[in-house]
Structures are given as C-alpha cells and as structure tokens.
Amino acid sequence: MGSLFFSTIEVTRQAFYRTSLSYAIVNLKPIVPGHVLVIPTRPAARLADLDASELSSLMISVQKVGKVIERVYGADSLTIACQDGKAAGQSVPHVHFHLLPRKLQADRFQSHNDEVYPEIERSEASLPRDLQSAKEGAMTAESAPIKMDADEDRKPRTMEEMAKEAEWLKTFFEQT
C-alpha cells in the first residue's frame, strides 16, 4: 500500500492499522496514553461526505482499533469523539475519530470527565503548527511508546517517537 495522508499531511510512519478504506495513527499530542486517531483513507471534510462503504469501514475500524487500544493500555472504556466540521472544532478538514482509553481509577479526567472534550478541541487547534515541529524533529526522542506527560502544556512528539509507538501497536494487530 502507498503513502497515507491526513488531509495534505503525510502520516504513513504514524500508521499502525490499515484497511483499503481507513487507517489509524498515533497522536502527535496524546491527551492520555493510547490516544489515537482513526481516519478514512480518502480525504473527506465531513462525515456526510463519505459513501456507505467508507463509513462502514471507518466505523468497523473504530471498533477494532478501540478494542485493541483499550486492552493494551489497560483501560476500562473509551472516549470516542469526532469533530465534524470547523464550527465543531475540527482543524484538519479530514474526517477523523479520536479514541482515548479511559480508566475508572487513575484517569487524568476521572473527577471531571467532560473536561476531556475541551482538551481535544485545544489539541486540534494547535495541530498544524505542532505537525511542523514534529517534522523538524524539534524534540528529543526520550520516551517509551506509552509514556507521556499528563500536564496541560503537552509538547508535540517527534516523528521518531510516533513511529516507535506505531511499530509497537502494529504488533497487536498482527496477532488478531
């Protein structure tokens, strides 16, 4: 299979799951460990722009990726979010679902569960600038695939950090 694009951004190295109509990538600035995106292969700005086969593939991928992410990150459930259009907070004009593994105990948002949604919106707002930083390798690759800071000022990860996590996650799909 060829290169993958999230709108106009090449994301092939961040991909860990792929079908002919959809794929999943690790997140540049994960809100919680295991925060990933599931995306249709064809760049479509809105959910309504997808045809039935693309929508079906996308939702099956959300389900399949979600099961694996929940298991490998030891989560009890998932937050699944889609910002469908600019007014909804979508900064990249390409449909995508955020999947965030969530825990009943020791979850960053456990006492204020709905705060995860403004955090997703803030994360989306800085995406184009952060992608450029990652491509330029502005940070050093010091972390393990599932380690991240839980503070409010999350820094974008390098391409190497994201590729390392994607390679690790691929191994869980090879087993299914």
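Would you check if residue 52 is at pLDDT 95 or above, under 19 Å from residue 163 (Cα atoms) and not basic (Lys, Arg)? Judged against the criteria, residue 52 is not a match. Segment 10-91 holds no strands (runs of 3 or more DSSP E) entirely within its bounds that carry 3 or more residues that are exposed (fewer than 15 other Cβ atoms within 10 Å of the Cβ), under 11 Å from the mean Cα position of the chain (by Cα) and not small (Gly, Ala, Ser). Is it fair to say residue 85 is in contact with a Lys or Arg (Cβ under 8 Å, 6 or more places away or on another chain) and either of a type in the set (Gly, Ala, Ser) or at pLDDT 95 or above (or both)? Answer is yes for this residue.
The values are calculated or read from the model by the stated rules, or taken from the named source; none is laboratory data. Not measured: the values here are computed from a predicted model. Note that we place each Cβ from the backbone using ideal geometry, even for glycine, and neighbour counts take in every protein chain shown.
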